[in-house]
Amino acid sequence: MEDQEFHCAYVRRESDQMSETAVSNCLSPVVPVARHVDIFCSASVTEQGNVETLLIPSLARASGGISIHLHLVDYTGTNRLAISSTDEVAVSVHQSEKQLGFGAAHNFLFARVKPAAFFVIINPDIYCSKGLVENLLQAGEEGRDIGIVEARQLPYAHPKGYDRKTMETTWASGACMLVCPEFYAEVGGFDEAFWMYCEDVELSWRCWLSGYRVIHCPRAVAYHYTGGYFEYRDDRFYCEQLWGGVNFLYLSYRYWGSLRLWRSVVALKLQGWPKPLVKRILREFKARKRAYSRAAGFPRSLSSQRDRIGIIGYNRYKEAGK
Amino acid sequence: MTEVKPLFKIYRLCRDRKSVERLEMEGRTYGLPSSVLITGRDYFGFIEDVLKNCSEDYALLCHDDVVVPLDIESRVEECIRKADMCCGADHWGVVGNAGIEAISLRMVRFLRDPHAAVIPYKSHPIPVVSVDGNTMLLNVRNMQRNHVELPAGLRGFHLYDFVTAAECYRKGLLTLVDSTLYVYHRSGGAQKGFDRFANGAEFQKYWADNFINHKIYTVNGPVEVSSPNLDYLQEGSRDKRVDFYATVKSLILSIQPNREKPVINIITRTQLANVNRLSRLMESIELSQRANRTCLDLRLVVSVNNVQTTDRDKVIEGLRTGFKDLSMTFVEGGSAGSMAPRVLAIKTALGAIPEGKNQFVWIVDDDDFILPKELALLPHYLHDDVIFIGKSEAFDEDWSGGHDFPDKSVVRSGFYAEPSYARNYMGENHVPICSAIFPREALGAVFAKYKLAGDYYEDYALLFLAQTKHNIQYLPIMIAGVSHHDKNTVFDSNRTHWDYSYATFMTEIANAGVVSNSMYELNVLYEESSKKHRSFWEWFQLLFGNKRELFFLLLRLKIRAFYATIRRDI
């Protein structure tokens, strides 16, 4: 198939450790090997303006000559999103019959598109700096065991560290990440129970547990003017507060069971949020917990990744390089 | 051709016949325009009647204890003209004289009442989320056309003003306040009655049925709504409720002011020593222009001074090629003469900016950057006679790697205190230069009049001198990021040059007669009053004395109760 030929095969190396070249490539650009990349984005009609005026033009600049195919899905299930291709960026809008959470939307796109090479997951409110895509690809193609490459977010950098020597990071933000399709298929993609928020942390942890690595690429810069710094007020509740809370408890319970959950509930309550919101979070979590108990057990062999997988505070997780 | 005067009528709801008679007599005595005096109705019903029966385009609604100025007619006409100019004749529903400003959620008042006697300034119409009902100019024509109706279930004398504003917003009409409607209001309102009404079942139900917010900002103070149905809004859901404050903001954004797109000329001074940081600034401007092209025109003027590279032309050419979509002008600083290079660089750049209306100047240092997200709000708040101050965020950055991006970038939220800009008059500087956007004419006037022989603190001197001629409007709109890194002169440990600069600027300001003696006296009064501030521990001891055992017992009980709730929850 012509499309398949257009995709580039992975360049795999035998070494498990990231080479010196790889480290330097994270900091300075070199010509990437892949010539095509699929980019997944879950958006709604309210974000259409952002996608058209910021994301797509910036992707054209960020490609470094790589052919880009942007795959969008309207996560609301209303299918009102209508965006056309440009000269530089091919755009496909995929129709979904139901409302999808963040993880479900990307699993849906993965099943539809079946990317043969590294693909990118990106938020609709991202503006890519020059060379973002090629830098991500370059970093991803340097090691055979790389599952996820996280782009760097500016100006509000994610408040977590990374190892300056190996570039490893404990978890990657789903706002902009490059993902290895083999790894994604192997672990079954995002856990759809999360709906929204923290599913990227959980995917990263499964990446480590499956023998792949998560690395940070500071050279690949994604400008992300996230709502938390601009729009949030204290006169209403936001999805991020609700689902962030529910998923934090779910993550605690799923990986460590009731003991850790107890501490996480304390951490939640110490946030000082309004009682109705805390009650709602606990109610949603209880429903999730009941559903989860029937589905699967706790993950095993956590001890091998003790340094990378852990909770250090409310929605704060263990960090590399600290 | 004679100008057609707008048609409006004054309506006053009176508490009894006695008030009606008093107002009739006062109207005759002072030659006030004839008013429709109504009694025996609640305020919701009163507004409904006006909306239903008023045949004029506008209606001025006043309490019976409001004293209007003798020239109220011309003030109302001026108010209508200003509101039409501000947002277009079809887009406003109500103008009042006090309310809660829509972006900062702070009170603005243009009246005297028992609560405050502050003498206000001349304003431009200010969008508000909530208005004080003592005086409301209704745009009856727009409200009728947009089918604004008050909810049937609400009756009484409280929150009718807030509900009117909320219903206007729901139907796409702005609510404003303006200094033209200044009055003397003899009553301070009935807070107990207000609290009862706000916490009553009818109002709480009205709110929870229509909006998702659990806090309402009103001129009588915030109201908490405690409905179990309050929720976040899920994208794509069939929920018809809205986020009230987001509705207000998006309406403001959707309305283009009735004038040309403002042109913001960004001046940056550079020695071309750190092209990576300069490129970052340019990228942020390019992105901001792309995101806001329909409402703003951003242009960059690069003032090159004391060049630190031998490849000057090559660097400039590289920047021009790299940012092709950006309107960019390079100017040379020239000889400093008696003027320090930092000041001269601004003056030189100013020469490249056309004079005239709708031209603004934004000075951003070459290691800082602008933030695009909220810039679309600016056209509503940039005026030729107002210095706009927005918010800036400080970032701790590490550029030691020499890359195009900082190796570390950590936000220092709340580092700057722009709301305290008025303390400029007390010698305190809370405003970074990139937080201020000046009308071109304001900066030009400062350079024309003053020598400005200092160097550092030039931002403080410019803002101070400009604000003695122009009003400042501060709003918490995030507009710029300030880089804190090892090369920042702000963090110089040796302050000698800073101090000489300060002394030079301040001597000129003191001897130029820009600060009046009354302003000086106000400063002294402020300093004396601020010394009376009590610390937290002084307050604690005043309230509790030394009863530490009691305090710890209460704390232990609280902790025990807290853990009991967790046990129950999981």
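Here are some notes:
- Within region B:340-386, the set of residues being of a type in the set (S, T, N, Q) and within 26 Å of the chain's Cα centre (by Cα) comprises B:358, B:359.
- Only a single item in (1) over 21 Å from residue B:458 (Cβ atoms); (2) buried (at least 22 other Cβ atoms within 10 Å of the Cβ); (3) at pLDDT 95 or above is not met by residue B:395, and it is number (3).
- For region A:173-195, the condition holds for at least one residue, the condition being that it is over 22 Å from residue A:100 (Cβ atoms), away from chain B (no Cβ under 14 Å) and in a loop (DSSP other than H, G, I, E, B).
- For the criterion of being in the same structural domain as residue B:304 (by TED's automatic domain parsing) and in contact with a Cys (Cβ under 8 Å, 6 or more places away or on another chain), residue B:419 fails.
- Residue within region B:445-452 that is within 17 Å of the chain's Cα centre (by Cα), surrounded by 14 or more Cβ atoms within 10 Å (Cβ to Cβ) and not in a helix (DSSP H, G or I) present: no
- Test: residue in region B:305-325 that is within 12 Å of another protein chain (Cβ to nearest Cβ), without any contact (Cβ under 8 Å) to a residue 60 or more places away in the chain and part of a helix (DSSP H, G or I): yes
- Every pair of residues 6+ apart whose Cβ atoms lie under 9 Å, when the first sits in region A:112-137 and is of a type in the set (Lys, Arg) while the second is outside any strand (DSSP E or B): A:114/A:181; A:130/A:58; A:130/A:61; A:130/A:62; A:130/A:64; A:130/B:283; A:130/B:322; A:130/B:404
- Among the residues of region B:373-398, just one is assigned to a strand (DSSP E or B) and touching a Cys at 6+ places or on another chain (Cβ under 6 Å), namely B:392.
- When restricted to residues that are facing chain A (nearest Cβ under 9 Å) and closer than 22 Å to residue B:407 by Cα, region B:270-293 contains 4.
- Residues that are within 11 Å of another protein chain (Cβ to nearest Cβ), more than 26 Å from residue B:272 (Cβ to Cβ) and not acidic (Asp, Glu) do not occur anywhere in region B:348-362.
- When residue B:9 is tested against the conditions (1) modelled with pLDDT of 95 or more; (2) surrounded by 17 or more Cβ atoms within 10 Å (Cβ to Cβ), the lone failure is (1).
- Residues that are assigned to a helix (DSSP H, G or I), in contact (Cβ under 8 Å) with a residue 24 or more places away in the chain and within 10 Å of another protein chain (Cβ to nearest Cβ) within region A:38-56 comprise A:45, A:47, A:50, A:54, listed in sequence order.
- Of all the residues in region B:23-77, those that are farther than 21 Å from residue B:141 by Cβ, in contact with a strand residue (DSSP E or B) (Cβ under 7 Å, 6 or more places away or on another chain), assigned to a loop (DSSP other than H, G, I, E, B) and hydrophobic (A, V, I, L, M, F, W, C) number 1.
- Condition check for residue B:486: more than 29 Å from residue A:155 (Cβ to Cβ) and either polar (S, T, N, Q) or surrounded by fewer than 20 Cβ atoms within 10 Å (Cβ to Cβ) (or both): no
- Of the listed requirements (1) more than 14 Å from chain A (Cβ to nearest Cβ); (2) in contact (Cβ under 8 Å) with a residue 40 or more places away in the chain; (3) closer than 20 Å to residue B:290 by Cβ, residue B:375 misses just one: (1).
- In this structure, residue B:469 does not satisfy being modelled with pLDDT under 95 and closer than 16 Å to residue B:348 by Cα.
Residue-by-condition table, conditions (1) of a type in the set (D, E, K, R); (2) outside the structural domain of residue B:273 (by TED's automatic domain parsing); (3) within 30 Å of residue B:257 (Cβ to Cβ):
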| site | (1), (2), (3) |
| --- | --- |
| B:310 | no, no, no |
| B:327 | no, no, yes |
| B:343 | no, no, no |
| B:357 | yes, no, yes |
| B:362 | no, no, yes |
| B:370 | no, no, yes |
| B:378 | no, no, yes |
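- So residue A:237, is it outside any strand (DSSP E or B) and more than 11 Å from chain B (Cβ to nearest Cβ): no
- Conditions (1) under 30 Å from residue B:370 (Cα atoms); (2) surrounded by 21 or more Cβ atoms within 10 Å (Cβ to Cβ): number failed by residue A:226: (2)
- Options A:144, A:152, A:164: the member that is surrounded by fewer than 24 Cβ atoms within 10 Å (Cβ to Cβ), within 23 Å of residue A:205 (Cβ to Cβ) and facing chain B (nearest Cβ under 10 Å): A:164
- Set A:106, A:94: member being touching a Gly at 6+ places or on another chain (Cβ under 8 Å) and away from chain B (no Cβ under 11 Å): A:106
- Only one of A:214, A:201, A:265, A:221 that is within 7 Å of another protein chain (Cβ to nearest Cβ), closer than 20 Å to residue A:159 by Cα and β-branched (Val, Ile, Thr): A:221
- Residue pairs whose Cβ atoms lie under 8 Å apart, separated by 6 or more positions or on different chains, with the first residue in region B:475-487 and more than 11 Å from chain A (Cβ to nearest Cβ) and part of a strand (DSSP E or B) and the second of a type in the set (Asp, Glu) and buried (at least 22 other Cβ atoms within 10 Å of the Cβ), are B:484/B:397.
- With respect to the stated conditions, residue B:488 fails to be modelled with pLDDT of 80 or more, among the polar types (S, T, N, Q) and assigned by TED's automatic domain parsing to the domain that holds residue B:277.
- Filter pass, residue A:60 being within 14 Å of chain B (Cβ to nearest Cβ), within 22 Å of the chain's Cα centre (by Cα) and modelled with pLDDT under 95: yes
- Checked against (1) without any contact (Cβ under 8 Å) to a residue 60 or more places away in the chain; (2) in a helix (DSSP H, G or I); (3) within 14 Å of chain B (Cβ to nearest Cβ), residue A:159 passes all but condition (2).
- Among (1) in a loop (DSSP other than H, G, I, E, B); (2) within 16 Å of the chain's Cα centre (by Cα), the one test that residue A:136 misses: (1)
- The residues listed here are B:274, B:306, B:292; of these, the one that is outside the structural domain of residue B:166 (by TED's automatic domain parsing) and more than 23 Å from residue A:127 (Cβ to Cβ) is B:306.
- Checked against the criteria, residue B:38 does not count as touching a Ser or Thr at 6+ places or on another chain (Cβ under 8 Å) and either within 19 Å of residue B:145 (Cα to Cα) or not hydroxyl-bearing (Ser, Thr, Tyr) (or both).
The values are calculated or read from the model by the stated rules, or taken from the named source; none is laboratory data. A quick note: this is a predicted structure, and the numbers were derived from the prediction, not measured. As a convention, Cβ positions derive from the backbone with ideal geometry for all residues, glycine included, and neighbour counts pool all protein chains shown.
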